[in-house]
Amino acid sequence: MFRALVAAIHRSDIPHVYTDGQRVYTANLAPGVAVYGERLVTQDGVEYRTWDPRRSKLAALVRKGVGVFPFRRRTDVLYLGAAQGTTVSHLSDICVEGTIYSVEVSRRAFQKLFEISERRPNIMPILGDAGAPEAYLRIVGPVEALYQDVAQRDQVDIFRKNLRFLRPEGVGILIVKARSVDVAAKPKDVYAEVRRDLSTANVDVLEMTELDPFAKDHAAFVVEKH
Ligand SMILES: C[S@@+](CC[C@H](N)C(=O)[O-])C[C@H]1O[C@@H](n2cnc3c(N)ncnc32)[C@H](O)[C@@H]1O
């Protein structure tokens with residue numbers, strides 16, 4: 001009886017992302033180990049990790065519906081604002097044969113990120129300031145995907161500075177926290193300003209998705225580099 005109520009996990013429309021029809025999952029690259037308390041579910045010999053849209057804005061974007069999802073098995077990613085590695089760990093499940101260059105400025109968060117990378121060889125943790133990318137110029141190679149979630153006032157400026165690492169036709173995802181830009185402004189006005197700023201960068205905006213209700217007053221801009 002109970003088994004009949006549990007929906008089977010199967011492939012979603014997005015490569016390497018799985019679903020039971022409601023929740024989303026990635027296949028655990030480090031079986032037996034949860035990164036942030038997420039639920040582990042084994043089915044047909046594969047261990048899946050629930051991907052929590054309230055903890056990861058990329059999962060929120062997946063749940064809201066994303067047209068362009070640039071992460072594949074061999075994708076190299078530059079990730080800015082890696083924090084303790086919550087979203088990075090799911091990208092590590094997806095981009096199994098790629099490298100996720102993961103930049104984090106806070107030493108405290110970096111410590112946890114570093115611990116996670118010890119079990120996940122495709123994560124390269126970098127303690128550094130994404131606003132000063134010259135410091136990791138020699139470490140980070142050209143990447144197919146750039147992801148940024150730094151929750152800073154100058155987030156578009158930081159994103160622009162890091163576009164140099166993205167290959168032409170590579171895809172960038174910029175997570176904008178409206179309140180980090182201007183606490184008093186309406187989020188929609190902040191998003192319009194970000195769109196204007198991006199129009200002067202070397203990219204086309206492909207999609208913009210508000211992440212409510214999973215992440216209040218946040219939006220994801222998906223762009224392609226010229
Ligand atoms: C909202 S949290 C990121 C959450 C993470 N992306 C996730 O989904 O697992 C923002 C992170 O960006 C980091 N950050 C802020 N400014 C930064 C900068 N200039 N360079 C690198 N990291 C930065 C903060 O220390 C914080 O850990």
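The values are calculated or read from the model by the stated rules, or taken from the named source; none is laboratory data. Predicted model, so just to flag it, every value in this text is computed and none were measured. Using ideal geometry, Cβ is built from the backbone for each residue, glycine included, and neighbour counts are taken over all protein chains shown.
Within the range 42-57, identify whether any single residue is in contact with a helix residue (DSSP H, G or I) (Cβ under 6 Å, 6 or more places away or on another chain) and over 14 Å from Val88 (Cα atoms), and answer yes or no. No; the residues of the range 42-57 include none that is in contact with a helix residue (DSSP H, G or I) (Cβ under 6 Å, 6 or more places away or on another chain) and over 14 Å from Val88 (Cα atoms).
The lone criterion from (1) more than 16 Å from the ligand (Cβ to nearest atom); (2) at negative phi; (3) not assigned by TED's automatic domain parsing to the domain that holds Ala8 left unmet by Ala27 is number (3).
A single entry from Ile126, Ile100, Ile94, Ile139 fulfils the requirement of being within 12 Å of the ligand (Cβ to nearest atom), at pLDDT 95 or above and out of contact with any Leu (no Cβ under 6 Å at 6 or more places or on another chain): Ile126. The numbered conditions (1) at pLDDT below 95; (2) touching a strand residue (DSSP E or B) at 6+ places or on another chain (Cβ under 8 Å); (3) not hydrophobic (A, V, I, L, M, F, W, C) are all true for Arg167 except (1). Restricted to strands (runs of 3 or more DSSP E) entirely inside the range 107-215, those with at least 1 residues that are of a type in the set (Ser, Thr, Tyr) and closer than 24 Å to Arg55 by Cα are 143-148, 203-210. For the range 65-82, filtering for residues that are of a type in the set (D, E, K, R), under 18 Å from Ile14 (Cβ atoms) and within 14 Å of the chain's Cα centre (by Cα) leaves 1.
Test Leu80 against the criterion of being more than 10 Å from the ligand (Cβ to nearest atom) and in the same structural domain as Val205 (by TED's automatic domain parsing), and give yes or no.
Values: more than 10 Å from the ligand (Cβ to nearest atom): no; in the same structural domain as Val205 (by TED's automatic domain parsing): yes.
So Leu80 does not fit the description; no.
Hey, could you check the range 57-98 for residues that are of a type in the set (Val, Ile, Thr) and touching a Pro at 6+ places or on another chain (Cβ under 9 Å) and say which is nearest to Phe114 (Cα to Cα)?
Of the residues in the range 57-98, the ones of a type in the set (Val, Ile, Thr) are 62, 66, 68, 75, 77, 86-88, 94, 96.
Still in the running and touching a Pro at 6+ places or on another chain (Cβ under 9 Å): 62, 77, 88, 94.
Details: Val62: 26, Val77: 17, Val88: 11, Ile94: 19 Å.
That would be Val88.
Test Val41 against the criterion of being of a type outside the set (Gly, Ala, Ser), surrounded by 14 or more Cβ atoms within 10 Å (Cβ to Cβ) and not assigned by TED's automatic domain parsing to the domain that holds Lys112, and give yes or no. Steps first, please.
Working: of a type outside the set (Gly, Ala, Ser): yes; surrounded by 14 or more Cβ atoms within 10 Å (Cβ to Cβ): yes; not assigned by TED's automatic domain parsing to the domain that holds Lys112: yes.
Yes.
Per-residue answers, yes or no, for (1) under 18 Å from Thr86 (Cβ atoms); (2) under 16 Å from the mean Cα position of the chain (by Cα):
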site: Ile9; (1), (2): no, no
site: Val17; (1), (2): yes, yes
site: Val24; (1), (2): yes, yes
site: Glu38; (1), (2): yes, no
site: Thr42; (1), (2): no, no
site: Arg49; (1), (2): yes, yes
site: Asp52; (1), (2): yes, yes
site: Arg55; (1), (2): yes, yes
site: Leu58; (1), (2): yes, yes
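For the range 56-100, the set of residues classified as in a helix (DSSP H, G or I) and of a type in the set (D, E, K, R) consists of Lys57, Arg63, Lys64, Asp93, listed by residue number.
A single entry from Pro31, Pro53 fulfils the requirement of being assigned to a loop (DSSP other than H, G, I, E, B) and more than 26 Å from Val223 (Cα to Cα): Pro31. Out of the residues in the range 103-123 meeting the condition of being in contact (Cβ under 8 Å) with a residue 60 or more places away in the chain and under 17 Å from the mean Cα position of the chain (by Cα), tell me which one is farthest from the ligand (Cβ to nearest atom). Per the stated criteria, the residue is Asn122. Here is a check on your reading of the model: is Pro15 away from the ligand (no atom under 14 Å from the Cβ), part of a loop (DSSP other than H, G, I, E, B), more than 20 Å from Ser117 (Cα to Cα) and in contact (Cβ under 8 Å) with a residue 40 or more places away in the chain? Yes, satisfied.
For Gly67, are the conditions met, namely being within 16 Å of the ligand (Cβ to nearest atom) and exposed (fewer than 13 other Cβ atoms within 10 Å of the Cβ)? Step through it out loud before you land on a result.
Numbers: within 16 Å of the ligand (Cβ to nearest atom): no; exposed (fewer than 13 other Cβ atoms within 10 Å of the Cβ): yes.
Judged against the criteria, Gly67 is not a match.
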